[in-house]
Amino acid sequence: MRLFRWCFAVMGFCFPLILEAQVHREEYMDWGDFVAACIDESHAEEGTSDGEATLEQLEEWHANPMNINRVGREDLLRLPFLKPEQADSILSYRNRYRSFRTLGELMYVRGLDYEERRRLSLFLYVGDTLQTSIPMRRKWLGGKHEVVMRLDVPLYERAGNKSHTTAELLENPNRVYLGNGLANTMRYRYRWQNDVAYGLTLQKDAGEPFGTYNTYPYDYVSAYVHYRSRSRHWETWVGDYRVRMGQGLLLGDVWVTSHAAMLEQLPRSETRVRSHTGTNETDYFRGAAVRWNKGCWQLTTFASYRRLDARAEGDTVRSFIDNGLHRTFSECENRRAVGSLVSGAHVSFEKPQWHVGVGAVYSHFSKTICPTPRSYNIYYMRGTDAAGFSFDYAWRNRRWNVQGEAALDGDAYFASVHSVDFEAHEHVKLVARLRSLSERFVSLWGDVLQDNGRVQNEHGLMLGTKVNPWSGVEVLAYVDGYWHPSPTYRADKASQGWASGANVRYALSRKWSMRLRYKLKSEQQNVTGYDNLMEFAGTHRWGLHAYYEGTAITATMGADACMATWQTRPNSLGWMLSARVGWQVSEGLRLQGFAAYFHTDDYASRLYAYEPRLRYDAGFPAFAYHGVRSVLAAEWQVCRRFSLGCRYSLWCYFNRAQIASGTQLIDAPTQNDLMLQAHFVF
């Protein structure tokens, strides 16, 4: 009850401060359809945190659109689906005609197709062209202030929240959660155009304590400040931030997170820093970063120190923990167990059609990293220090886009990744991507879309194509083969695998469209109970979806199927029927609903679908076993500066008497959740 009273007190304090007006928006695409496409292209089935962080960042940019009449090239290139030549075309059109009067003029910009124009409408608006000298005080205080408060209320009780006897707790003190079942997130954001931004995020997960056990008072506290000079020659970040360098061999903050997305836009070879604004508690740095550019030269440098969650035995770290949960005594003991100091720099020489750059990263830990020896981790980092040096390049013209990176770690082990994008025809694009990662290469913060969990022990080649055979039809297809020369987590010796997929989109009209999707992933794994014997385990996924986008109503209907295969045991099958509807009841009220019936043999044949969610809420639910899922969400714009949101969701299983296990156990076949949200702008 104290948490409820505290939240409402803050809401009552902020409400009278609301002062800011909103800009006029022209949106040609439903945000839910855009997010559903991103989830599909970010491999939700892998359950990676990068997809969630990407969606949180994109939603923040959607809530704070850029003025197309004043935006710069670098700001446009923040959007992961926009190519450099497309950004140049937008700026060239603006310079020629002095300004955009409506976003509909994007259809006259060379190189932008219908789908890309629809996506851009979510992040751009048409504003004035006048630029005057702005006092520093107004930049730091006179912009847009935003507060979002969310409370998640479980309408059930998990095993960790139940009462236990003293004897039971003495026997196992970790069977009970230290906090109640409520989850609470508070976000404060400030932005002045793209030059000044700062914010604060507070989060308490379900089961975590509030104001006790060193939570101060929330378990997760994140803050950031970003400033860019008026000349745009330098900018700085203080607090929490994320960094990408080159192609990601040493530092990988992934935007393009799947093979299909890579056919749309190759990961750009660039060094970029952005504020960490989400609730992911692991994948970020804490400290300061500075970017300076003058003419063709650009320098980025950063330094970070933060304490990481880890399982430690004295002065030795056995493994890192990345779930961000601190609900029990043992989880709290692992909290901030080891200090991590990371610093790095990157310098590049950039021209419109090419660039070259070099970078270096150094990491130091306060305890010795020494994982418990296993066949798959013999080449993992051991010790207290790690370092790396890289060289990256890019070259492009009207048809070709070639880019890549090569890196050496502190022990001179090598890794490289190279990509080629060729526009063979106006409607035909070919893509190839080669990666070669030594099994001994050590990169603690890298990510290059490898199959292996780490940037090491993998050699692979991806080939793909994007074709527009006729108006309204788009076909994406790819195949990716890879080889692991040393053991991996599920294979005790050298193994191989491959992934392939095809995606066909057909626009029947401006309101109706369809998409047919197929994905296959097959790789060698151990056969349970047999030493040195492996089999191919594969997963086939099919999906057929129809989309309707009207003036007041948007709808998606889908049929999905999955088959998990092995060579030594029976296949596992699953299928699902789903529907999602959005209804703009009035100018200030929007309702969204979702319903699904799913039937799978086990978790191996699980399925995925996008559900309606409230502002800044990201997640990728899995549908497994036999049951139904329903969601109802409502957002009410009380006034121009204050809105309320509510979301109710229900899981109901037909073949299970309980949900989850251990402290997460729900002793019932149903799970009901309620989410409440308040949004202020002042």
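The values are calculated or read from the model by the stated rules, or taken from the named source; none is laboratory data. A quick note: this is a predicted structure, and the numbers were derived from the prediction, not measured. A quick note on method: Cβ atoms are made from the backbone with ideal geometry, for glycine too, and the neighbour counts reach across all protein chains shown.
Observations on the structure shown:
- Looking only at the stretch 191-218, and only at residues there that are out of contact with any helix residue (DSSP H, G or I) (no Cβ under 6 Å at 6 or more places or on another chain) and surrounded by fewer than 18 Cβ atoms within 10 Å (Cβ to Cβ), the one that is nearest to GLY645 (Cα to Cα): LEU200
- Within the stretch 598-641, the set of residues being over 23 Å from GLU587 (Cβ atoms) and β-branched (Val, Ile, Thr) comprises THR600, VAL628, VAL631.
- Beta carbons closer than 8 Å, at least 6 apart along the sequence or on distinct chains, pair a first residue in the stretch 306-325 that is on the phi > 0 side of the Ramachandran plot and modelled with pLDDT under 95 with a second that is surrounded by fewer than 17 Cβ atoms within 10 Å (Cβ to Cβ) and not basic (Lys, Arg) for GLY324/THR282.
- Any hit, the stretch 447-468, residues being more than 25 Å from the chain's Cα centre (by Cα), surrounded by fewer than 17 Cβ atoms within 10 Å (Cβ to Cβ) and in a loop (DSSP other than H, G, I, E, B): yes
- Sole residue being closer than 28 Å to TRP292 by Cα and not assigned by TED's automatic domain parsing to the domain that holds ASP392, chosen from ASN214, ASN194: ASN194
- Filter result (touching a Pro at 6+ places or on another chain (Cβ under 8 Å) and part of a loop (DSSP other than H, G, I, E, B)) within the stretch 61-105: LEU77
- Candidate set: the stretch 394-424, residues that are among the aromatic types (Phe, Trp, Tyr) and modelled with pLDDT of 95 or more; chosen: the one surrounded by the fewest Cβ atoms within 10 Å (Cβ to Cβ): PHE414
- Filter result (assigned to a strand (DSSP E or B), of a type in the set (A, V, I, L, M) and over 19 Å from TYR610 (Cβ atoms)) within the stretch 546-576: MET563, ALA564, LEU573
- Total residues in the stretch 106-128 satisfying the condition of being within 21 Å of TRP61 (Cα to Cα) and exposed (fewer than 13 other Cβ atoms within 10 Å of the Cβ): the figure is 1.
- So GLN524, is it modelled with pLDDT under 95 and either in a strand (DSSP E or B) or touching a strand residue (DSSP E or B) at 6+ places or on another chain (Cβ under 8 Å) (or both): no
- Total residues in the stretch 384-439, condition outside any strand (DSSP E or B) and among the polar types (S, T, N, Q): 2
- All positions within the stretch 653-671 that are more than 16 Å from ARG327 (Cα to Cα) and either touching a Gly at 6+ places or on another chain (Cβ under 7 Å) or not assigned by TED's automatic domain parsing to the domain that holds TYR603 (or both): TYR653, PHE654
- Taken over the stretch 554-576, the criterion of being within 29 Å of the chain's Cα centre (by Cα) and loosely packed, with under 15 Cβ neighbours inside 10 Å is satisfied by ALA559 alone.
- Criterion: free of Cβ contacts under 8 Å to residues at least 60 places away in the same chain and of a type in the set (A, V, I, L, M, F, W, C) - qualifying residue of VAL342, VAL356, VAL361: VAL356
- Of everything in the stretch 507-527 that is farther than 16 Å from MET29 by Cα and in contact with a Leu (Cβ under 7 Å, 6 or more places away or on another chain), the residue that is surrounded by the most Cβ atoms within 10 Å (Cβ to Cβ) is VAL527.
- Among the residues making up the stretch 148-168, those that are in a helix (DSSP H, G or I) and either surrounded by 14 or more Cβ atoms within 10 Å (Cβ to Cβ) or in contact (Cβ under 8 Å) with a residue 40 or more places away in the chain (or both) are ALA159, GLY160, ASN161.
- When ARG510 is tested against the conditions (1) of a type in the set (D, E, K, R); (2) in contact with a strand residue (DSSP E or B) (Cβ under 7 Å, 6 or more places away or on another chain); (3) within 26 Å of VAL585 (Cβ to Cβ), the lone failure is (2).
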